[in-house]
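Rule-based calculations on the coordinates, nothing more; no lab input. Predicted, not measured: the structure shown is a model, and the values here were computed from it. As a convention, Cβ positions derive from the backbone with ideal geometry for all residues, glycine included, and neighbour counts pool all protein chains shown.
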Amino acid sequence: MRNILCNIINPLSDQQAEFLLNQIISIEADKIIAITPRKDFVGNELEDYSHCLALPGFIDLHVHLSQYRMRGKFEPALLPWLEKHVFPEEARSADMSYATELARMFYKALYQAGTTFAVIYTAPFESACEAAFRVAAEMGVKALIGMTMMDMNTPVALLQDSQQSLGTSIGLFERWHGQKPDLDYIFTPRFAPTCSFELMQRTGDYATRHKAWIQTHLSENTSEIAWVKELFGFESYTEVYAEAGLLTERSLFGHAIHLNDRELGLLKAADAKIAHCPDSNFFLKSGEFSLSRIEEIGLEYGLGSDVGAGTTLSMLYHAKQMNYRQGLFPVSPAKALYHITLGSAKLLGMENQIGSLQPGKAADLLLFSTPPGFDPGPDSLSQLIFFASEFPVEEVIVNGKSRL
Ligand code: GUN
Ligand code: ZN
């Protein structure tokens, strides 16, 4: 049992966040059991974090574990960047001991960044994905994890046989689905250029029948889009996925930058979800996400770091980039917070468990101290988002356990 005296910043909607001064968050086992204003609190076992801001743990909707160590390697565009930096780096994870050590390093960094739930791509090897699950289970990491699938247009070191790619993915799903409440499998065809139509179709069919999650990349870069049209002969990128049966309410598409109205309509009709990755989109000069159009049509989205094209695991940094990477569309601090917490929890169907500080939800919370001269107050959220590096993280609590 812990009673933490602190100041709460809580997302309420994409327009509103609340600031609550001097509150006591009571934690028992893995849950928040009460939030009580200090003046109403009876009891004496208080931990004094009254100089701190308490926020719900952050959610990262799109991150490549296997690319953690190659962040920041410049290339002018997506396709040459994949060839030159990503594929050779992912090939290193064929060695299970390398993949295991990398998973440890990655999860530790996730916790340090305040991410308490992540949707993860591993390298295209069963052993690397198995290692990612085992280490996650050992370290109490909450995540959806999937082995990247690729059966064409792929260097030999990463190439999978089509049958084996799906068979291995199903094996991982069967081993890990339902094992732990906060850890599950997500089917992960990399993107259309490296997946045969048959592989995508069979993956979509299996995932739909088993109500499983699917993730992939969609419409990130103009050369990629031209290549997809040439490979599959459909009118648009989204249609390839639609025809393959990959558009479901449990499908999470990374990027989704250059979509026409028809494509947006297809995604909306399927109630598909989007992982918006603003830092990555500008690192690779992929383009600007049409936030106003996505909101107009009412597609559900949340933020992803997209490490390694994203440069950091810090979701506060990506929240700031969400604002900075819109030319004319101002993104409020409340909206940015929502899309790294409650909005993403909702998108995942997990809003009763995670995403905000509420009695009954998991005790996933972050305690940030404020810089000298900046007392906790209603402007703290805005300041935290725009100069996060000056707010030291004092504690990261996941399912009631201190992880930092
Ligand atoms: N498209 C296909 N694979 C990748 C990847 O690893 N990163 C990014 N940013 N886009 C991709
Ligand atoms: Zn990605």
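Tabulated data for the structure shown
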| quantity | calculated |
| --- | --- |
| Rg to Rh, two decimals, where the stretch 1-56 supplies the alpha carbon set and Rh follows Kirkwood | 0.98 |
| The stretch 188-277 - Kirkwood radius from inverse mean 1/r over Cα pairs (Å) | 12.7 |
| Share of alpha-carbon pairs per 10 Å distance bin for the stretch 7-141, given as whole % | 10, 30, 25, 19, 13, 3, 0 |
| Cα-derived Rg to Rh of the chain, Kirkwood definition | 0.97 |
| Choice from Gly171, Gly304, Gly57 showing the highest fluctuation, given a GNM over the chain with Cα pairs closer than 10 Å | Gly171 |
| Net charge of Cβ neighbours under 10 Å - reference Tyr107; Lys, Arg +1; Asp, Glu -1 | +2 |
| Loop-resident sites, the stretch 1-110, for chymotrypsin sites (Phe, Trp or Tyr not before Pro), counting at most 10 other Cβ within 10 Å (DSSP) | Phe74 |
| At R0 = 30 Å, FRET efficiency that the Cβ-Cβ distance of Gln15 and Glu288 yields, to 0.05 | 0.85 |
| Nearby lysines by direct alpha-carbon distance to Lys401 (threshold 18 angstrom, same-chain neighbours under 8 apart not counted) | Lys31, Lys108, Lys142, Lys180, Lys361 |
| Calculated SAXS-style log₁₀ I(q)/I(0) at q = 0.24 Å⁻¹ - the stretch 133-217, Debye, Cα scatterers | -1.14 |
| For the stretch 347-404 versus the stretch 188-218, the gap between their alpha-carbon centres in whole angstrom | 34 |
| Coordinate range along principal axes, alpha carbons of the stretch 77-166, Å, largest first | 36, 31, 21 |
| Enclosed volume per residue, in Å³, of the convex hull spanned by Cα atoms of the stretch 275-404 | 126 |
